[in-house]
1. Starting from the 7 Å offset along Cα-to-Cβ, what nm value, one decimal, do you get for the label separation of SER51 and SER167?
2. Take region 104-160, drop everything but the C-alpha atoms, weight them equally and run the Debye formula without solvent; then report log10 I(q)/I(0) at 0.16 Å⁻¹ to two decimals.
3. Are there any chymotrypsin sites (Phe, Trp or Tyr not before Pro) in region 198-294 that are in a DSSP loop and have at most 16 other Cβ atoms within 10 Å? List them by number.
4. Taking DSSP loops as anything outside H, G, I, E and B, show the longest stretch in the chain free of trypsin sites (Lys or Arg not before Pro) there with at most 16 other beta carbons within 10 Å.
5. Would you list MET198, MET110 from fewest to most Cβ contacts within 10 Å?
6. Looking at the chain from every direction and averaging, what is the projected area of its Cα convex hull in nm²?
7. Taking region 36-135, which GluC sites (Glu not before Pro) meet the DSSP loop condition and have no more than 12 other C-beta atoms within 10 Å?
8. Please list the non-local residues whose amide H lies under 5 Å from the amide H of LEU242, H modeled 1.01 Å from N, same-chain partners needing a gap of 5 or more.
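Only the coordinates and a few stated rules stand behind these numbers; no lab work does. Predicted, not measured: the structure shown is a model, and the values here were computed from it. For neighbour counting, all protein chains shown are included, and Cβ atoms are generated from backbone atoms with ideal geometry for every residue, glycine included.
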Amino acid sequence: LHENNNNCCSFEDYKLTTDWLLNRTNLRPKVAVICGSGLGLLADAVSNKVSFRYQDIPNFPVSTVPGHEGCLVFGTVDETPCVFMQGRVHLYEGYSLCQVTFPIRMFKLMGVESVIVTNAAGGICPDFKVGDIMVIKDHINLPGFAGEHPLCGPNDERFGIRFPCMSDAYSKQMRRLAVDVGTDLGCSNFIREGVYCMVSGPNFETIAEARMLLVLGCDAVGMSTVPEVTVAKHCGLRVLGLSLITNKVSVDYSREEKVNYEEVLQISKMRAEVLQKIVTQLISRLQQQSINTH
Ligand SMILES: O=P(O)(O)O[C@H]1O[C@H](CO)[C@@H](O)[C@H]1O
Ligand code: HPA
């Protein structure tokens, strides 16, 4: 798992980790949630908690940045069995995209059906404010344009097809549900929809880069999510993406403010509680919808 290429994980690696975990909990999660920077609190809403530290799970990549606790939490949200990742790993930490997306295929093998991916992101869209929550409707895989793509390399048909469709990566039904839940919780004035762009990081954008992203049609920018969503869509998982806008990305040379990670974490912590309410409500309603449709 330590080679830096996109095929460093075999089917057997995913299977071994899945079995290791399933042998240690009776829970069989249907929903997986990935908590972005400073958003680990999302997992605090679960009952009947069973937690594992990433470093104790075989093959599991270990988070190295603050704001990513590195704990895998199994539990129930209003009867729905769930698994929460308190923290993720990123390309800029030196992990391959195979390692970055390792948990997604493991979730698939566990029987997870839906993934809720969250992140902290910079706002590119001039209308966005710090603290807004953006329901991701689409993404731009900028590293993918340069060949840094989690599906490069031999395709394992047990997970999905060689040329997956990505125009519907973010489930329309889940997006609608997220907006409805946000509205019902009184958050409609800061719920947005938009396009997320992944950059590799770790530096924040230059002003020229930010201007380019604006022209390209990006509403928010971050250093994660896209590889996870791509691999999730490839293996047939239903995906919802939520970006918390933690800072405005400057497209103006006269602006003096400078973004820093402390500010990102501060805003995440400030908004984590409301995001937690949205995510838990969403999971409950997903469950109701699936009961009603079966
Ligand atoms: O996307 P998450 O993991 O929330 O983290 C975001 O916050 C960090 C930078 O502020 C980057 O890692 C960026 O991707
Ligand atoms: O402005 C940003 N750029 C990239 N990633 C980020 N994550 C939080 N804010 C940002």
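1. Each label point is offset 7 Å from its Cα along the Cβ direction, giving 4.4 nm.
2. The computed values of log10 I(q)/I(0) come out as -0.80.
3. TYR253
4. Longest run free of exposed loop sites: 25-128.
5. Lowest to highest Cβ neighbour count: MET110, MET198.
6. Values: hull surface 57.5 nm².
Seen from a random direction, the Cα hull of the chain projects 14.4 nm² on average.
7. Details: sites: GLU69, GLU79, GLU93, GLU113; in loops: GLU69, GLU79, GLU113.
For GluC sites (Glu not before Pro) across region 36-135 that sit outside H, G, I, E and B with at most 12 neighbouring Cβ atoms in 10 Å, the list reads GLU79.
8. VAL117, THR118, ASN119, ILE136
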